[in-house]
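Please treat every number below as a calculation from the coordinates, not as lab data. None of the values given here were measured: they were computed from a predicted structure. Note that we place each Cβ from the backbone using ideal geometry, even for glycine, and neighbour counts take in every protein chain shown.
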Amino acid sequence: MFNEQDGIQEFCRLLRSTLDEMRIHYEVILVDDGSTDETVSNAKDADWSSLTLLQLTTNVGHQKALEAGIFAAKGDYVVTLDSDGQHPVELIPIMLELAQGNAVDIVYGLRDERTEEPLRVRLPAQTYYRMISWLTDIQLENSQADFRLISRRVINEIERVQGDKVLRLLIPSLGFPSTSIRYTARPRISGSSRFGISRQISLATDSVLSFSPKPLRWVAAIGLLTAAGSLVWLVTVVITWWNKGTVAGWASVMAAVLFVGGAALLALSLIGAYLARIFEILRNSPRYVIGRSFTSDE
């Protein structure tokens, strides 16, 4: 939650009503991402024994705030959702039923097509999912964002990954059994969205840099191709000089420029290739994930 002072108590009321009806043991963790209004004090007034409030010292962003809540949770299953009321809390029992009944570790909430929203809002979101799927080879459904249920096994794998984590990409990349459920977003309880174009660009940049070595490989390929072109042009210069079709000094200058430039670009291609490999290592993605383990008598 971030600056949700006018809606946080209503959100807690709706969430508590749904969870109490499930008649299971649960905990609720509210992560305050550095709010500057009365969000925290209003949340404290909820008087809810199952509620834990994590107050971050600064605004660290949506993904890191989710990460803080996930790692603080103790349950066998964790549902992540925003506190603005757009994620329907009444789907939580259905998500749990789907996870247990179908033996899956992830249940994604997929938002219905945003036909009611203007194109300037829908287009960046659609572009993000298509671009990221292409660059990272991680298949994402449109609007497969951060309303989801994950099991303890998924959380354990997430904890092994070092550095910043874009959860909406990291979780699908793990390959755990999953299913999904469609929902229609509700109107915000109060206020307006603060996930503007700058935050969208930041998320897209983090997604590419965290999950795709393709830009590095493109740089390596461009450097290699350009170096090959320089070599061909250098041969052309030598042939022209040999046939005395050049002015004095032109051949030597061109040879020096093309040799140095080609060598530099070849070195750049090698650096790009090695950086791509280093990226894969530092990304610390699990080499494999064991989905299920069976013995011979099962």
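A few notes on this one:
- Estimated FRET transfer efficiency when R0 is 35 angstrom, pair TYR274-LEU53 (beta carbons, to 0.05): 0.15
- ASP146/ALA263 FRET efficiency (R0 51 Å; Cβ-Cβ; nearest 0.05): 0.60
- Counted charge near LEU149, where neighbours are those whose Cβ lies closer than 12 Å (Asp, Glu -1; Lys, Arg +1): -2
- Candidate lysines - alpha carbon under 21 Å from LYS244, same-chain residues fewer than 8 apart omitted: none
- Projecting the Cα atoms of VAL154, LEU14, LEU270 onto the dipole axis of the chain, where Lys and Arg carry +1 and Asp and Glu carry -1 at the beta carbon, places LEU270 farthest toward the positive end.
- Under 12 Å of direct C-alpha separation, and excluding same-chain neighbours fewer than eight residues apart, LYS214 reaches these aspartates and glutamates: ASP137, GLU280.
- MRE, 222 nm, helices only [DSSP H, n ≥ 4, -39500 (n - 2.57), over the chain, to nearest 500]: -17000 deg cm²/dmol
- Sites ARG182 and ALA248 - FRET efficiency at Förster radius 51 Å, r taken between beta-carbons, to 0.05: 0.10
- Listed values (1) 192; (2) 127; (3) 139, entry calculated as volume of the Cα convex hull per residue in Å³: (1)
- At least 20 Å along the helix axis (C-alpha) and Kyte average at least 0.0, DSSP helices within the chain: 197-211, 214-242, 250-283
- Mean separation of Cα contacts under 8 Å (6+ apart) over length of the chain, as relative contact order %: 18
- Taking trypsin sites (Lys or Arg not before Pro) in DSSP loop states with no more than 13 other Cβ atoms inside 10 Å as exposed sites, the chain has its longest site-free stretch at 75-193.
- Of the GluC sites (Glu not before Pro) in region 1-45, those whose Cβ has at most 15 other Cβ within 10 Å and which sit in DSSP loop: GLU27, GLU38
- Annotation: aspartates and glutamates with alpha-carbon distance below 16 angstrom to LYS44 (same-chain offsets under eight excluded): GLU4, ASP6, GLU10, GLU27, ASP32, ASP33.
- Neighbourhood charge, 10 Å Cβ-Cβ cut-off, centred on SER180 and excluding it, Lys, Arg +1 and Asp, Glu -1: +1
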